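Asker: My questions all concern the structure below.
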Amino acid sequence: MNKATRKAVIAGNWKMNKTPSETTALINEMKPLVAGADCDVVLCVPYIDIPAAVAAAEGSNIKIGAENVHFKASGAYTGEVSVDMLKESGVEYVVIGHSERRQYFGETDQTVNLRTLAAVNGGLKAIVCVGETLEQRELGYTETLLKYQTKMALTNVTAEQLKNVIIAYEPVWAIGTGVTATADQADEGNGYVRAAIAEAYGAEVAETVTVQYGGSMNAGNAAELVSKVNVDGGLIGGASLKAADFSVIVKAASEG
Ligand code: PGA
């Protein structure tokens, strides 16, 4: 299997944006623009927007994701949301270990692993984020760090469960900054992620895993990024809040 047979996935990550009514309006605007795409199209939205998103996306090719999930099934965890709650609400995907969660909310490689296991054990598709800071890149640690984060996130995930895991390589210095990795840097980072999967599961399995790039991917640069052999789509922040821009990215991935 190679890029030609791996399904590209374009996932929007809305972060802390859009109210429920704005969610309905934006998805209604997007639906006709992304209909018939030759890639998977996912929108990961704030918890409170999930019912509106699921209702608006019904009957379309847009799948809905959450931006996080707790690893316990239930209990005294104020403010947290479980896999079962998400599934019953119509959620199919969940972003795990986004660098903003690692940076601002104390997320660690261990909790990323626990959330990943909870997601795949519970039947959600996990979009697991890894990525180096600018300082780590400048010190020459990019490959070591990406491989470490990837392997840590996937600890105890079976090869069978890996079918429900997507890894998103998101260099922290490129997120929300307008500074995009060059297509070669994205390809190289995604290649390190794939190499880590190959070391843990074998090369054949690694060739089947969707590895996205994320970090200021937009309507102008998406085509070049997704043309790279290791880039199987993208995790899109800012540009997923604009229907026209998002649909250009979806089109690029459909053709890439
Ligand atoms: P950005 O965010 O596209 O706004 O850089 C990407 C992400 O954080 O997933």
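Asker: Would you be able to tell me the number of residues in the stretch 227-241 that are among the hydrophobic types (A, V, I, L, M, F, W, C), under 14 Å from THR210 (Cβ atoms), touching a helix residue (DSSP H, G or I) at 6+ places or on another chain (Cβ under 7 Å) and within 15 Å of the ligand (Cβ to nearest atom)?
Answerer: 1
Asker: Among the residues of the stretch 6-23, are any closer than 17 Å to GLY238 by Cα, within 16 Å of the ligand (Cβ to nearest atom), within 17 Å of the chain's Cα centre (by Cα) and basic (Lys, Arg)?
Answerer: yes
Asker: Output the residue which, of all residues in the stretch 215-226 that are surrounded by 24 or more Cβ atoms within 10 Å (Cβ to Cβ) and away from the ligand (no atom under 11 Å from the Cβ), is nearest to ALA183 (Cα to Cα).
Answerer: Checking each candidate, the answer is LEU225.
Asker: Consider the stretch 174-214. How many of its residues are near the ligand (Cβ under 10 Å from one of its atoms) and at pLDDT 95 or above?
Answerer: Residues flagged as near the ligand (Cβ under 10 Å from one of its atoms) and at pLDDT 95 or above within the stretch 174-214 amount to 3.
Asker: Continuing with this model, one more query. Go through the stretch 222-243 residue by residue and tally those that are over 18 Å from ALA53 (Cα atoms), assigned to a helix (DSSP H, G or I) and in contact (Cβ under 8 Å) with a residue 60 or more places away in the chain.
Answerer: Qualifying residue count, the stretch 222-243: 1.
Asker: Tell me, yes or no, whether the stretch 25-48 has at least one residue that is polar (S, T, N, Q) and in a helix (DSSP H, G or I).
Answerer: The answer is yes; a qualifying residue exists.
The values are calculated or read from the model by the stated rules, or taken from the named source; none is laboratory data. This structure is a prediction, so every number in the text was calculated from the model and none was measured. Backbone-built Cβ (ideal geometry, glycine too); neighbour counts: all protein chains shown.
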